[in-house]
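Please treat every number below as a calculation from the coordinates, not as lab data. Everything numeric here is computed off the predicted structure, so don't read it as measured data. All Cβ positions, glycine included, derive from the backbone under ideal geometry; neighbour counts span all protein chains shown.
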Amino acid sequence: MAELTESRELTEPGKPEEPGLGERVDAFVREHVMPREDVLDAGGPAADEALRALRDRAREAGLWALPLPAELGGQGLDLAAYARYAEMEGASDHGPAALGSAPLLDVRMLLRHGSAGVRAAYLPRLVAGELRACYAMTEPESPGTDPFLTATTAVRGADGDWVVSGRKWFTSGAAGADLVTVLARTDGAPSDRHGLSLFVVPTRSPGFRVVRELPVLGASGQWEIAFDEVRVPGDHLVGERGAGLSVAAERLQLGRTLRSLRWLGQAQRAFGLLARRAATRGGARGPLHSHQLVQQHVFESLLALRTTRPLVHEAVARLAAGEDAHVEVGLAKVAAARTLQQVVDAAIQVHGAAGLGPDTPLPALLRTGRAARILDGPDELHVTSVARRVLTAYA
């Protein structure tokens, strides 16, 4: 395996795309992942077994870890090339995990900011799917939009190790994670704008515990976790001491863009259900597609998709080029979340009572769309941030 350095960028040109790769990814998600969603959503041993089987199938199909470095066992696609496939994978919430692209944020972060020991210990196993990672930033007693209020602490001992204490919540996938990246205060006090650092913490460390599950609108996957004087090796500091927010901001930019791509994939999935229902459903007053109000649902949903997709891909292009993308990512995140909610709502309306029940994925998609407007920064945060940046140029 080639030596990995801190300077390695995931925006470097990757290998050429294979002809027909998009069709293969799309078919895999539709034929193998979507039929297993009920099992995967339920969690537990059956979900773990189903995910292992899907991952084995993805490897056999040559679709494993498309955007991850080739020297670590991935496919080596750069961000710009991977973006289209991220939509296809994201049509199911479980697509990225099944196809091995889910660790992209952690792999990128550790390649750029992890110590040599951390990179050697964890990166190959993350890419291989042998380890799962999660990210813990938000705390119960402070708003997630204000990281300066972080109260979790990390105190360095005489031996160079750190002792982490505090509590985090709405940490995705924490119950099944092997590693958690945690934002903690190494200097100063809550409300100070300095002194925050990131650490990679193995979840088997004494003092780490899962406090409770936090269902989001009834769906599982989010957790509250605690660090009760968890000892962390000194080289598990990510980046420099006190530089946690700059590393986190870098991670958040890419994370929000990837989620926007996946929400587009789910909105496209909902649009397919909407159009199919309108085109094939008949009634005493004629087929649904003949009704103007149904046609309006189709038109408005298509318009939302067609106007949101360029915004998201503009954010991808700027990130891939290493340019400032705060405005583009903010626009993309808000637009993609709204589009998902709008298109799914229209699809439910056209399905009628059937759209509320268990026979379609629409209720789950609606839940994702509504949560998307709050998690990962509420709409209001991005609206304000983008507006301020834009208005500065006119001041």
Compute the angle between helix 326-351 and the longest alpha-carbon principal axis of the chain, please, reported from 0 to 90 degrees and rounded to the nearest 10. 40 degrees
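Using only the alpha carbons of the chain, what is the convex hull's orientation-averaged projected area in square nanometres?
For the Cα atoms of the chain, the hull's average projected area reads 21.0 nm².
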So what's the angle, to the nearest 10 degrees on a 0 to 90 scale, between helix 45-60 and the longest Cα principal axis of the chain? 80 degrees
The stretch 274-348: GluC sites (Glu not before Pro) in DSSP loop, at most 15 other beta carbons within 10 Å: GLU323
Got a sec? Which residues in the stretch 174-192 would a label at SER205 touch, if it sits 7 Å along Cα→Cβ and we count backbone N under 14 Å? 178-186
Computed lengthening from ALA116 to LEU303, 0.36 nm per intervening residue step minus Cα-Cα distance: 62.5 nm
Inter-part distance where the stretch 80-115 and the stretch 290-353 are each reduced to a Cα centre, Å: 21 Å
Sequence gap at least 6, Cα distance under 8 Å: using those rules, report the relative contact order of the chain to the nearest whole percent. 13 percent
Roughly what % of DSSP beta bridges within the stretch 133-242 run antiparallel, to the nearest 5? 85 percent
How far is helix 244-280 tilted off the main Cα axis of the chain, in degrees rounded to 10, range 0 to 90? 20 degrees
Quick one: work out the % antiparallel among DSSP beta bridges in the chain, nearest 5. 80 percent
Mean Cα-pair separation over length for the stretch 307-365, i.e. relative contact order, pairs under 8 Å, 6 or more apart, %: 26 percent
